[in-house]
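Reviewing the structure listed below.
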4 protein chains.
Amino acid sequence: MDTAKRVGFLGMGIMGSRMARNLARKGFQVVVWNRTRARAEELVKDGARVANTPRELASGVDVFCTCVADPAALSEVVRGPDGLFAGSRRGQLFIDFSTISPDLSLAMEAEAGALGLRYVEAPVTGSKGGAEKGTLVVMAGGSEEAMAAARPIFEAVSEKVIHCGPVPAGSQVKIAGNALIASMLQAFSEGLLLSRKAGVDPRKLIEVVQASGFRSPYFDFKGQQILGRDFSTHFSIDLMFKDLRLFLDSAAQHNVPTPSASGVAQAYVTARAAGKGALDIAAVITAYEELCGVRVE
Amino acid sequence: MDTAKRVGFLGMGIMGSRMARNLARKGFQVVVWNRTRARAEELVKDGARVANTPRELASGVDVFCTCVADPAALSEVVRGPDGLFAGSRRGQLFIDFSTISPDLSLAMEAEAGALGLRYVEAPVTGSKGGAEKGTLVVMAGGSEEAMAAARPIFEAVSEKVIHCGPVPAGSQVKIAGNALIASMLQAFSEGLLLSRKAGVDPRKLIEVVQASGFRSPYFDFKGQQILGRDFSTHFSIDLMFKDLRLFLDSAAQHNVPTPSASGVAQAYVTARAAGKGALDIAAVITAYEELCGVRVE
Amino acid sequence: MDTAKRVGFLGMGIMGSRMARNLARKGFQVVVWNRTRARAEELVKDGARVANTPRELASGVDVFCTCVADPAALSEVVRGPDGLFAGSRRGQLFIDFSTISPDLSLAMEAEAGALGLRYVEAPVTGSKGGAEKGTLVVMAGGSEEAMAAARPIFEAVSEKVIHCGPVPAGSQVKIAGNALIASMLQAFSEGLLLSRKAGVDPRKLIEVVQASGFRSPYFDFKGQQILGRDFSTHFSIDLMFKDLRLFLDSAAQHNVPTPSASGVAQAYVTARAAGKGALDIAAVITAYEELCGVRVE
Amino acid sequence: MDTAKRVGFLGMGIMGSRMARNLARKGFQVVVWNRTRARAEELVKDGARVANTPRELASGVDVFCTCVADPAALSEVVRGPDGLFAGSRRGQLFIDFSTISPDLSLAMEAEAGALGLRYVEAPVTGSKGGAEKGTLVVMAGGSEEAMAAARPIFEAVSEKVIHCGPVPAGSQVKIAGNALIASMLQAFSEGLLLSRKAGVDPRKLIEVVQASGFRSPYFDFKGQQILGRDFSTHFSIDLMFKDLRLFLDSAAQHNVPTPSASGVAQAYVTARAAGKGALDIAAVITAYEELCGVRVE
C-alpha cells in the first residue's frame, strides 16, 4: 500500500477540504487543487502541497480524488486539456466523491478504464460535521478490485463504507438518499409551518415526532436550525436542488413516477427564486414563512 | 379518581379494541359499543360489557372514549338521536382518540361544554403494536383541568402523553405527524423503486439510510414489509388518505403551500384507483410496481 | 307559464345581481334577497322588490333561484330556520346557479323532492360580462320535467343551455370546466413568466399561441389583463380555489388521479398566502412575479 | 435568391419528411439525409437526392435544415466528424427546425458564427397536418439578416412566421408553447376521466367547453381522438415528455416555479411507465383509464 501514499485531492469545498485535511493528518502525502487557488492554500498548514493544474497533480500521485459541485465541474476537471486524465498514467486509482448522475459515473469509469485507471464512485453522506471528524458514510460503486485499492483512503475519511454494487450503484443510491433527505425535511417544514400558522407551538410537533416510531436524529438537527434561526450552510439549497434534479432525471430515464420528489423540487425552485440558494436546506422554509407572514420560532 | 372507574369505549377497530382491552385489564369497568356488534362482543371475554347504543353507554359511565374511522362516523356516534350526547350528564369526561379535523374537534369541545362535559382530543400514534402493548403516544389537546381528569385513562393505554395545547392543538399535531409519515414512506418508496428499476439492490439503499443521520426506525419497519411482501394492515391506505386530506384541508384553510403533501396525496389516489385502499400504507408502492413492471424484493 | 312570472333570486354577487337584473328587464316580477341587504336594494331601481328573509321570499314566488358563494352559504340560505325550504310550497321550482359539490346538489334535489319541489342545478359560465349581457352558458342537471319548467328563466339569462344529464351531472361538468380554466391559465402564466425571466417578450408567446391550433379566446382575455396589469375581479382567486377543491374532492371520492389539478391548486394556495385572494384569477401570476422579482409586462 | 435554391434537409421524421417534400414541390433542389437511409429514399420520387453523410450534404447546398428528435441527435448530426459543420463553408445558412434547449440553440449559433455561417432557430407548431399542407407556424429566433435569408424556406413550409427575437427566443417560446399544450390536454383529460367515472357523458363536458370563453380547436381535435379511440401519432408522448423536460430545465435554470408543468410531467412519466410512449399525446389518458378501470368513450 506504500505506493498509495501520495494522494491528490481536487475540490476544496465544504466537504473536500475537510476530507483532504483528514488524509493529511493520517499520514498521506496530500497534493490539492482548487479552482480558486486561495482555498487550496489553506491546506498548506496541514502539510498539503498545492498543484497548479489537475494535470500536474495527476502526474505526481498514486491516487487522485475529486469532490466537486456538479457534473459540469467534474467533466472539466477530469477531461479538460489541463485535466486529470491528461496527466494520468496506467495503474492509478481515481476516486470521485462528488454526487453526479449515474450516466456520467458510467462514462467516467469507461474513460478511466480506457486509460488503464481503476475508478470508484464514492459519494458520501454525513454533512460538514462528518467530513470534519472523518465519520462520513461512503456509498461506493465499483469493481471489487478497485474497492480494495480504495480502502485505505476510505478508512481515513469515513467510519463506514457500503459497497452498493458495480458503477453506477453508488450514484443511484446517493441520489435516492438525498431525495429522501429533501423530502423528509420538506414534509417536516410543511408540518411546522401549518402548526405555527394554526397557533400551535411547533416544538410540540417535534416532541411528538421524536417520541414516535418515525423519529429520526435528522428532525432534531434540522428542528434546532429552524427554531434557532441558524441557517448557516451544512448543505446548500443550490446543491440539494442539483441532486433532486439528478434524481428526477434518473427517474425520467427509467420511467418511474415520483410524485413526492417532484413536489419537493418545486419547493427548492421557490426557495431559489426567493434568493435562498446559498443557505442551508433548512432555510427552504423561510421562503414559505415570508409568503405566509409567520416565522416558525 | 374512583368515580372514573366506569369507562365507555366506542369503536372496536384495530386501535380501539386494543385500547379497550388494556383498560379492562388494568381494572377499569369497561362498557363497549361498536357499529358491528360482533366486534364489541369479542371484548366480553376480557370482562367488558356491551351496550346497545352509544346513548345507553353514556348513561352508565363516568368517562366515554371514542376511536372511530373518520369525522362522519364520530359525528353520528356523538350527535345522533341515540348518540353519546343524548345519554350524557354534567361532569362526565369525553375523550376522543380518533383523528379528526381541527374544526370538528373545536365543535366537539364547544358542544360538550354546553352539556357540562369536559372534552379532550387525544389522537394517538404507535400503530397496532403500540395499542396492543399500551405503549402509544398520545398527542392531547384540551384544558389543564380536562387533561388532569384524563390522566388515568391515558396511563392505561399509552407510555407518553404530550399536551400540545388547547383544542385543537392535538388534532393539528396529529395530522401534521401523519402527513410526515406518509411523505417519508412515499419518498422512501420512490427511492426503492428507482434503485430497483436501475438494477441496484434496494437493500443497499436501506443500509445507507440506516447508517446515516436521517435514519429512522420507520424505514426498517416499512422496508421489511415491502421487501418481505407483507402488506397486512397496520394502518390502511384509505385511513391515511383521509388524514392527508385533513392535512391538506387545514393547510388550504390557513393558506399554507404544501407541495410535498400535495404530491404524496396523488400517490394515495393512485393506490386507491389500483384497488389497494384496504392494504397497509406500505402497499402504495405496489401500485407503482405494477405500472413499472418490477417488484422491489 | 304565467304562474312562473314571479321569480325570487338570492345572492346579489357579481353574477347573481346581473342575472336578477336581466330577469327584471325581461318582464319577470323579481324579488331579491342578499345577506348584506344594501346590495339587494340596488336592484330596486330595476323594478325588483327586496325580501326580508329567504323564507319570506319563498312564500311569494313561483320559482326561486340561488347564486351564492359556496356550499356552506347555500346550505344556510336553503335549510336554515328562515331559509327557502321553510317558506316553500309544493309545485315550486328551485334553480341553483351556484357552483357546489355534486354531493350537496344531490342532497338538495332529494330534500326539495321531499317537499314537493322540482330542482335544477344550473351552474353557469361566461364571467361577469356574460351575466351582464345575458349570454351565459348554463350547464344544467335535472329531470326533463324540471328542465322544461326552468327554460323561461334560462332564456332570460343565457344564450345556451346544455342539459348534462340528471343531477349532479351539471355540477360535475361545472367543476371539471373550472379546473380546466384554472389549469389553462396557470400553464399560460408559467410560460409567460419563464419567457419574461429568460428575456423574451411575452407578447411573442401570446402571438404564437393564438396563431396555433391550441389558441383560445381565453388567452387573449387573460393575456390582456396580465400585460395591462388590470386585475379587477371577474372571477376571484378565492372562488376559483373553492372550485378547485370541489374538483379535487370529487376526484378523491372517485379515485381519479389528477396530477395537473393538484399542482394548479398549490399555485392558488400560494397566491392566497401572498394576499391575492380577492383579486381576479389572472393575478395568481403576481404572487410568482414577486417571488421571482420580475413583472410580465 | 438563386444561390439559395439548393437546400439540404436532415431528419425525415413525421415533420421533416413533409417539410422537405414541400420544399421539393415548390422548386427547391432538395438533398436529404436520414439516419435510417430508407426513410430518406422515400423522398426520391419527389425529386430529392439522398446524401451519404451530413458532411457530404453540407458541401453541396446553400442552406441546410435540421429537424431531429432531440438535442443529442442534433449535436451528433451537426458536430460529428461526418457532421454538417465538417462540410460547411462560409456564407451558408443553417436553419434548425428541431425543438431543443435554449442553451443548445445559443451554442449552435455561436459555433455556426465561428464557421462564418448564419443560424436561425425555427421550431414549428402545427403537427403532422400542418407539415403536410405547408401551413405550419414558425417561431423563429435569430438576427434580422439571418431571418431575411431564411424567408424563402419558411414561405415554402409555413403559413406564418413569428420572429420572437434573437436566439434563443424561438426555443424559449417553443418549449413554453408545448408545455401549454401538454397542460391543456392533461387538464382536459382529468376532467373527462372524472366525468366518466362519476357517470356523466364526457361529450357534455366537451360541449360546454366549446360553448364557452375557454374553447379551443385543440379540444375538438383531441376530444375526437380520445372518444374515437384513435391514438395514432401526431405528436408522441416520448417527444412531448422531452419538451416538458426542456421547459422544466429552463424553469429550473431561471428559478421560476412551475407547479402546473411539474404535475403534468408526472402524468407523462406515468404514461411512459405504462408503455404508451410511442403513442400520440392524446393517449396519456389511457394509462389512467387502465388504472381507474374505465374508458372515456
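Here, each number is a calculation from the coordinates, and none is a lab measurement. All values derive from a computational prediction rather than experimental measurement. Methodologically, a virtual Cβ is constructed for each residue, glycine included, from the backbone with ideal geometry; neighbour enumeration extends over all protein chains shown.
Taking amide H atoms as placed 1.01 Å from N in the peptide plane, the amide H of residue C:50 lies under 5 Å from those of C:32, each 5 or more residues away in sequence or on another chain.
Placing a label point 7 Å from Cα along the Cα-to-Cβ direction at residue B:210 gives distances to the equivalent points in the other copies of 2.4, 5.9, 6.2 nm, listed shortest first.
The simple spin-label model puts a point 7 Å past each Cα toward its Cβ; for residue C:201 and residue B:5 those points are separated by 8.9 nm. At q = 0.16, 0.20 Å⁻¹, work out log10 I(q)/I(0) for the stretch D:83-126 with the Debye formula, treating every Cα as an identical point scatterer and leaving solvent out; two decimals please. For the stretch D:83-126, the Cα-only Debye profile gives -0.40, -0.61. Rounded to the nearest 10 degrees, the inclination of helix D:237-253 to the longest alpha-carbon principal axis of chain D is 80 degrees.
Restricting the calculation to Cα atoms, every distinct pair contributes to the Kirkwood radius of chain D, found to be 20.0 Å.
3J(HN,Hα) along the stretch A:65-80: 10, 10, 8, 10, 6, 7, x, 5, 5, 5, 4, 5, 5, 8, 9, x Hz, from the Karplus curve 6.51 cos²θ - 1.76 cosθ + 1.60 with θ = phi - 60°, whole Hz, x for Gly and Pro. For residue D:67, neighbours were defined as the other residues whose beta-carbon sits under 13 Å from its Cβ, and their charges (Lys and Arg +1, Asp and Glu -1) total +3. Taking every DSSP bridge with both residues inside chain C, close to 15 percent are antiparallel. Pairs of C-alpha atoms in the stretch D:73-148 farther apart than 19 Å represent 38 percent of all such pairs.
Counting only alpha carbon atoms, the long axis of helix B:14-25 and the longest principal axis of chain B meet at about 50°. May I ask for log10 I(q)/I(0) of the stretch C:185-249 at q = 0.24 Å⁻¹, from a Debye sum over the Cα atoms as equal point scatterers with solvent left out? These q points yield log10 I(q)/I(0) values of -1.08.
Proximity of backbone amide H atoms, modeled 1.01 Å from N, is registered between residue C:161 and C:138 at under 5 Å, excluding neighbours fewer than 5 places apart on the same chain. Suppose we keep just the DSSP beta bridges with both residues in the stretch D:48-176; what percent of those would be antiparallel, to 5? Antiparallel bridges make up about 20 percent of those DSSP assigns within the stretch D:48-176. Using the empirical formula 2.2 N^0.38 Å as the baseline, the Cα radius of gyration of the stretch A:7-53 reaches a ratio of 0.94. If you take the alpha carbon atoms of the stretch D:143-297 and fit the smallest convex hull around them, that volume is 137 Å³ per residue.
For the residue pairs C:26/C:242; B:133/B:160; D:204/D:242; B:242/D:197; C:26/C:160, alpha carbon separations beyond 24 Å are given by C:26/C:242; D:204/D:242.
Sequence-ordered 3J(HN,Hα) estimates for the stretch A:220-232 from the Karplus curve with 6.51, -1.76 and 1.60 and θ = phi - 60° stand at 5, 4, 6, x, 5, 4, 5, 5, x, 6, 10, 9, 4 Hz, glycine and proline given as x. Local charge for residue A:110 was computed over the other residues whose Cβ lies under 13 Å away, with Lys and Arg +1 and Asp and Glu -1, and equals -2. Per the Cα gyration tensor, the stretch D:1-122 maps to an equivalent ellipsoid with semi-axes of 21, 16, 13 Å, ordered largest to smallest.
Arranged from fewest to most other beta-carbon atoms within 10 Å of their beta carbon, C:133, D:45, A:242 become D:45, C:133, A:242. Residue of chain C with the smallest Cβ distance to the axis mapping C onto B, distance rounded to whole Å: C:262, 3. The ellipsoid equivalent to the alpha-carbon distribution of the stretch B:109-164 has semi-axes of 23, 10, 9 angstrom, derived from the gyration tensor eigenvalues as √(5λ) and listed largest first.
How much net charge surrounds residue A:148 when only other residues with a Cβ under 15 Å from its Cβ are counted (Lys, Arg +1; Asp, Glu -1)? Summing Lys and Arg as +1 and Asp and Glu as -1 gives -2.
Working note: Debye formula, equal point scatterers on the alpha-carbon atoms of the stretch D:210-297, no solvent; log10 I(q)/I(0) at q = 0.15, 0.21, 0.25 Å⁻¹ is -0.64, -1.07, -1.21.
For residue B:297, the distances from its label point to the matching points in the remaining copies are 3.4, 5.3, 6.2 nm, ordered from shortest, with each point set 7 Å beyond Cα toward Cβ. Measuring nothing but how far apart in sequence close Cα pairs (under 8 Å, 6+ apart) lie, relative to its length, chain A scores a relative contact order of 13 percent. Within the protein assembly as shown, DSSP assigns beta bridges of which about 15% are antiparallel (rounded to the nearest 5). Taking 0.36 nm per residue of separation and subtracting the current Cα-Cα distance, fully stretching the chain between residue D:232 and residue D:103 would add 43.2 nm. Taking θ as phi - 60° and the Karplus parameters 6.51, -1.76 and 1.60, the scalar couplings of the stretch D:186-201 work out to 5, 5, 4, 5, 5, x, 4, 5, 5, 4, 4, 5, 8, x, 9, 5 Hz in sequence order, x denoting glycine and proline.
Multiplying each eigenvalue of the alpha-carbon gyration tensor of the protein assembly as shown by 5 and taking the square root yields semi-axes of 54, 45, 23 Å, largest first, rounded to whole angstroms.
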